[in-house]
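These notes are about the structure you will find just below.
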Amino acid sequence: MTPDSADAVAPSSQAIDRARALLAEARRVVVFTGAGVSAASGVPTFRGAGGLWRSFRPEELATPEAFARDPRLVWEWYALRRALVAECRPNAAHRAIARWAAAVIARGGSAVVATQNVDGLHQRAAAAAEAEDRIPAAPVLALHGSLFATRCSRCDWRAPEDDRDGAHVAGRPLDLTARETLPRCPRCGGLQRPGVVWFGEALDEGMIGAAYDAAARADACLAVGTSALVHPAAGIATAAARAGAAIVEVNADETPLTARATVSIRGRAAEVVPLVLGA
Ligand code: OAD
């Protein structure tokens with residue numbers, strides 16, 4: 001796709017029709033999402049108005065160095081985010097993506113949902129759609145991990161199950177009184193840490209590899225609610241564009257991806273995504 005083919009307009013019915021036609025034809029799809037897809041569920045974004053990085057410094061909360069310096073502060077921040085997100089539900093965008101991706105697979109195509117979000121809302125929407133429609137869900141690749149997962153900061157131990165609230169870590173009550181009361185690895189005694197990817201850390205190789213493979217094969221990529229600034233995830237949509245896929249972007253603001261998009265629609269994900277997916 002050339003930059004000239006971008007069609008960046010307010011959500012006009014023309015742009016929505018064009019996006020809908022491109023996506024209806026697609027047989028091999030990759031959906032690439034960021035925080036904006038969960039905004040209508042009440043999950044704060046990172047950048048832009050009301051974004052978490054407007055009020056908090058990522059280097060104090062979301063790096064391995066920050067955890068080594070003050071693990072209690074980092075756990076406090078993640079416990080708050082866990083508690084907030086535990087109250088959130090998938091919105092119309094998550095639901096439409098889950099149904100559409102499963103339908104593409106059901107008619108013999110391929111689909112993956114690659115998300116930078118750690119809120120688990122795509123996975124919950126996929127499970128709900130699978131239970132309701134009785135067709136297998138498309139895989140969700142959680143590129144930056146999960147807010148509700150816990151692992152060891154020293155060895156490769158991982159909690160067997162995800163937590164469901166902000167008050168528990170690896171199934172046990174979280175005691176934030178002091179560094180000494182923080183949860184410890186049952187295997188090596190190292191500090192347990194949130195199962196998310198922090199700045200400066202590598203993504204799971206298998207997962208980012210699967211997302212790039214899907215992008216390289218895709219005939220369409222739907223990018224929703226991401227500033228497309230954080231690499232390597234941000235390269236997924238551009239990899240799909242390089243492979244000749246049609247790029248449909250749905251975002252509240254322009255992003256570095258806008259110029260490469262076949263159709264770029266300015267709007268709210270929960271309103272626009274169901275329209276472009278014909279839900
Ligand atoms: P950002 O907060 O950087 O970007 C969210 C994008 O969604 C912005 O472009 C907003 O304009 C747009 N947006 C906001 N509300 C929207 C809505 N209702 N509908 C559609 N679009 C909306 O979030 P990400 O791109 O996900 O990483 O950020 C990428 C990574 O940076 C995150 O995974 C996180 C963060 O730091 C780590 O913590 C490692």
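Overview of results
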| item | result |
| --- | --- |
| All positions within the range 249-279 that are assigned to a strand (DSSP E or B) and over 21 Å from residue 121 (Cα atoms) | 263, 264, 265, 266 |
| Exclusive hit being at pLDDT below 95 and at negative phi, set 64, 71, 58 | 58 |
| Residue tally, condition in contact (Cβ under 8 Å) with a residue 40 or more places away in the chain, within 9 Å of the ligand (Cβ to nearest atom) and open to solvent by less than 50 Å² (accessible area, probe 1.4 Å), over the range 229-249 | 2 |
| Among (1) in contact with a Pro (Cβ under 8 Å, 6 or more places away or on another chain); (2) open to solvent by 50 Å² or more (accessible area, probe 1.4 Å); (3) of a type outside the set (Ser, Thr, Tyr); (4) within 14 Å of the ligand (Cβ to nearest atom) - the single one residue 272 does not satisfy | (2) |
| Members of the range 170-198 found to be part of a loop (DSSP other than H, G, I, E, B) and acidic (Asp, Glu), listed by number | 175 |
| Residue in the range 147-165 that is farther than 17 Å from residue 214 by Cβ, among the aromatic types (Phe, Trp, Tyr) and in a strand (DSSP E or B) present | yes |
| Meets criteria (under 27 Å from residue 80 (Cβ atoms) and acidic (Asp, Glu)) for residue 253 | yes |
| Of all residues making up the range 202-218, the number that are open to solvent by 50 Å² or more (accessible area, probe 1.4 Å) and assigned to a loop (DSSP other than H, G, I, E, B) | 2 |
| Test: residue in the range 110-117 that is open to solvent by 70 Å² or more (accessible area, probe 1.4 Å) and either on the phi < 0 side of the Ramachandran plot or not in a helix (DSSP H, G or I) (or both) | no |
| Hits in the range 180-228 - residues which are under 17 Å from residue 245 (Cα atoms) and without any contact (Cβ under 8 Å) to a residue 40 or more places away in the chain | 212, 213, 216 |
| Residue check, residue 76 open to solvent by 50 Å² or more (accessible area, probe 1.4 Å), within 15 Å of residue 220 (Cβ to Cβ) and not hydroxyl-bearing (Ser, Thr, Tyr) | no |
| Counted residues, the range 23-66 - those being outside any helix (DSSP H, G or I), open to solvent by 50 Å² or more (accessible area, probe 1.4 Å) and near the ligand (Cβ under 9 Å from one of its atoms) | 4 |
| Residue match in the range 220-242 (condition: of a type in the set (D, E, K, R) and in a loop (DSSP other than H, G, I, E, B)) | no |
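The values are calculated or read from the model by the stated rules, or taken from the named source; none is laboratory data. These numbers come from a predicted model, not from an experiment. Here the Cβ is made from the backbone with ideal geometry for all residues, glycine too, and neighbour counts use every protein chain on show. Surface areas here come from the heavy atoms of the whole protein model, side chains and all, with no ligands, DNA or RNA. Shrake-Rupley method; radii C 1.70, N 1.55, O 1.52, S 1.80 Å.
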